[in-house]
Amino acid sequence: MPIKVLLVEDSPIVRVILTRILSSAPDIQVVGMACNGLEGLSLLAQTQPDVICTDLHMPQMDGLAFTVEVMATQPRPILAISASVQADDAQNIFRLLDAGAVDIFPKPVAGNVADYEAIARLLLQKIRVLAGVRVFSRRRLSVDEQPQRSESRQTITPTAPTQPPSPTHLMTPPPLGILAIGASTGGPQALKTLLASLPATFPWPVLCVQHISAGFLQGLLDWLAPHCALPVSLATAGERPQVSRIYFPHEGWHLEFDPSGCFSYSAAASLSGHRPSITVAFQAVARCYRAAAIGVLLTGMGRDGADGLLAIAQAGGHTIVQDEASCVVFGMPQAAIALGAARQVLPLMAIAPTLRARLGV
């Protein structure tokens, strides 16, 4: 049976582009198209889609209100497709994730053939993954329950990364530990749950690598910041990781460490289709911090991070993976378990308490 997709998009041009991409795959069928959320809701019963693709900005009922209603009444895996990558609009995209959307994808636009084909491959891949995702109904949140941005916890956006000189001597571990976290599909929600549970006194730096579509990283940081007691920022090349801070790598760069234990960036080839790669970051953590490291691998498709988590375990660090029941997609944790890289397999809600107990905070 083909994967049935419902498109909810007010732009006729974008509907044509999306339909053309999805119809090119024999295992995917567009079963309905709607111009706004109200039309989308009216089509749910008759189309019974396996996956819904929705825009954010639409007349009458926008993507956020539509997602809230779908997840409260007829839950389905939802992919938010939007061009909204500016600061204010990106906040709304991540509110879609709060409301129950599983993943986000940049709206395709007319471009050269190579770009179009790459976008098509990624979109089809996401649709196939979402078709196997389990979703649950969510109650509608009142206005008072919607998270508001905290002015006291601003994200820090440094200048673009520059590559430091190549190492010329053996690496000396810095005199503290580090928590390294990797996530992919379903990761923004999982990261929010985990990072929001870490106290302001958390005694180690926290390094996070999240697979996310180009243009959405700063929106992710801005969305996470109000929920976290720890400051959230992009890692700056040449900066030594500081305790009680959360770091993410810049888009399009592998994050590693130089011989003195400061952040460095690499433009080496993508690993498992990803740059930044979780495995590259985890392997760097294992080399730099050895036993003074904890690696956590969260929900996500594929196997990026599995080999890196094994490197941390083999260096004497502690390793945790999210369990299947609480994962949106169990691919990455499952791959790590198969390698023998996971010392603990825990529900998402148990990971932060375990970390706090282990570090005495």
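What follows draws every value from the coordinates through simple rules; no lab data is involved. Please read all numbers here as calculations on a predicted model, not as lab measurements. We place every Cβ from the backbone using ideal geometry, glycine too, and count neighbours over all the protein chains shown.
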- Taking every DSSP bridge whose two residues both lie in the chain, the antiparallel percent to the nearest 5 is 10 percent
- Note on the structure: By the Kirkwood definition, with r running over pairs of different Cα atoms, the chain has a hydrodynamic radius in Å of 21.0 Å
- Query: Counting other Cβ atoms within 10 Å, which GluC sites (Glu not before Pro) in the range 177-271 have at most 16 and lie in a DSSP loop?
  - Reply: Glu239
- Item | Karplus 3J(HN,Hα) series, Hz, for the range 60-75 with 6.51 cos²θ - 1.76 cosθ + 1.60 (x for Gly, Pro) | 6, 9, 7, x, 5, 4, 4, 4, 4, 5, 4, 6, 7, 10, 9, x
- Task: For every helix of n ≥ 4 consecutive DSSP H residues, a contribution of -39,500 (n - 2.57) applies; sum these over the chain, divide by its total residues, and give [θ] at 222 nm rounded to the nearest 500 deg cm²/dmol.
- Result: -10500 deg cm²/dmol
- Query: So how far, in whole Å, is the C-alpha centre of the range 9-48 from the one of the range 288-335?
  - Reply: 36 Å
- Item | Expected-Rg normalisation [2.2 N^0.38 Å, Cα atoms] applied to the range 3-131 | 0.96
- Query: Hey, if you put +1 on the Cβ of every Lys and Arg and -1 on every Asp and Glu Cβ in the chain, which of Leu56, Cys35, Gly317 ends up farthest toward the positive end of that dipole?
  - Reply: Gly317
- Counting DSSP beta bridges with both ends in the range 178-359, the antiparallel % (nearest 5): 20 percent
- Calculate I(q)/I(0) for the range 178-359 by the Debye formula, one identical point scatterer on each C-alpha and no solvent, and give its log10 at q = 0.16 Å⁻¹ to two decimals. -0.88
